[in-house]
Every structure is written in structure tokens, then in C-alpha cells.
1. In debye, nearest 20, what is the charge dipole magnitude of the chain about its Cα centre with +1 on Lys and Arg Cβ and -1 on Asp and Glu Cβ, if you could check?
2. Over the heavy atoms of residue 55, what accessible area does a 1.4 Å probe trace out, to the nearest 10 Å²?
3. Sorted by accessible area (1.4 Å probe), largest first, how do 180, 174, 225 line up?
4. Counting only protein heavy atoms, what percent of the accessible surface of region 17-61 is carbon or sulfur at a 1.4 Å probe?
5. Ignoring any ligand, DNA or RNA, what whole percent of the accessible area of region 122-222 comes from carbon and sulfur when the probe is 1.4 angstrom?
6. Between the helical axis of 177-191 and the dominant principal axis of the chain, each derived from Cα atoms, what acute angle in degrees is found, rounded to the nearest 10?
7. Sorted by mean Cβ packing within 10 Å, highest first, what order do the peptides 182-194, 17-29, 205-217 take?
8. Using a 1.4 angstrom probe, figure out how much accessible area region 1-55 has per residue, in square angstrom, rounded to the nearest whole.
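The values are calculated or read from the model by the stated rules, or taken from the named source; none is laboratory data. Only a predicted model underlies this, so the values are computations on that prediction, with no experimental measurement involved. Cβ atoms come from the backbone with ideal geometry, glycine included; neighbour counts cover every protein chain shown. In case anyone asks, the SASA skips ligands and DNA or RNA and just uses the protein heavy atoms, side chains included. Shrake-Rupley method; radii C 1.70, N 1.55, O 1.52, S 1.80 Å.
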Amino acid sequence: MGWGSYVAIGDSFTEGLDDPYPDGSFRGWADLVATRLAVEAGPDFRYANLAIRGRTFPNVVAEQVPAALAMQPDLISFAAGGNDVLRRSFDPDSLVGRFDQVVSTLRADGADVVLFRFADVMARLPGQRLIAPRVALLNRAVGETAERHGAILVDLYADDTYLNPMLWSTDRLHLSPAGHRRVAGQVLTALGVGCDEEWLLVPPNPEPTPWLAARTADVRWAGQHLAPWLKRRLTGRSSGDTVTPKRPTLTPFPPAH
């Protein structure tokens, strides 16, 4: 099956943090997927990426879903809820029910929809006792919703490779370039489209870090990444407050140079 148009919806995971192009803008797995789909579809292929870092599920649904539906694409990827499970206001019943409604709406016009069960990012972050059950609940709902509505499921949680720290950036929350390549490969595999085999290659696990060096790294991480995140939560701000979608409309891809 070929797709002539693709719209990516979501937060930082889909925007592409932390996989930079040479100019400093972010690429990410969705751009990689679009690049491969463009080869299959030819010069008429079009791609939009509406994802913005820091967006919660209600934000994504209110801002991005209507815009995506208006474009009437052949393929939509939808990944949201990751930011919600990190917040004290997380309401699992509301999110699960709304998730089903949104996917039903995305599928109603015949678009193929890609959904994700999230990788186990909490294995390397504090708060695992509180957050891990929320992630498990969300992942279970995603799987059930995909089956119910005939969506395409990419199960990152079932892939223990994501326990390798080399697939994550220094903030321990976003994927590294190698992580984004692996996600792209898994998405394309789920779509039945071939990909560059190197995208699925995984860097070797790093050597174990001595205890003192590991604790020093933890302190450095807390100062550089955890503290700013906590400050934004306390002040009601988001990392995406001044960010706009990197590809707000369906346009040819890759773009002409």
C-alpha cells in the first residue's frame, strides 16, 4: 500500500527532539519515515508535522487533530499522553476514554492511523513507582484502541533495546539520533515498507559506570534538566510555549533545495 500524504501529530517525541539537522532544527523519526514514504510515492508525496514539544493530550487534541483532519491525509501518526502521565493532574479514566474517541475520529474518513505503545523511559528517571503504572495503563489503552479501530500499532514498550541508554539523549527523556532511527525503522516495518537496515542497528551498551561517577552524573543531570522541568511545572509554563509546528501544512517532501 502506498500513501500520498502523511500528517504527524504529537509532542516532542514526534517533533524530533533530540535529533538535530545540521542547521540545529530537529529531524526525528517522523521526518525519516516521510523520507522513505516519499521514495515509494514519488514526487507528489506531501508531509506535515504538527507536533510541538511539551503538549499534553488535551492540547494535541484541541490544536492538532482538527488541523490534521482538515488536510484529509492518507496516513496519520498519533502519539500523545506522555506529558500527561508526568503531571499531578493526570486523570486516567478521562484520558483513556478520550483516546478511543480521538482514534475513532481519525479513522472515520478512512485514513490509516499509526499508534505507539511508549518505551520504558522511566527505567532511568526518578518517580518510577508513581509514573510507571500510569505508562502501563496508557500503553494498555493504546493497544486495545488500536485493535478496536484497526489502527497500526508500533509497540516500543515490548522492545527491550530501548533500555540501552545510547538510544536516549543526555536529558534521559528524549530519544537520541540512534533512537529516532530505530523508531523510524519500526514504523516503516509496521507499514510494510522497507527501510535502511542501519536504522535498526543498536549501539553497544556502555560500560558500567563506577558508583561515584554515576552519582556525579545524576547530580549534573538534575541541575541541567530536572530543575528546569520542575520550574516550568511550578510556573505553569511549557517548553513549547513559543514553538510553532515545523511543517504546519501538507507540502512536498523532501523539500526542494
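1. 1040 debye
2. Residue 55 has an accessible surface of roughly 30 Å² with all protein chains in place.
3. Values: 180 0, 174 30, 225 55 Å².
Correct descending sequence by accessible area is 225, 174, 180.
4. 52 percent
5. 58 percent
6. 40 degrees
7. 182-194, 17-29, 205-217
8. On the way: 1940 Å² over 55 residues.
About 35 Å² of surface per residue is accessible.
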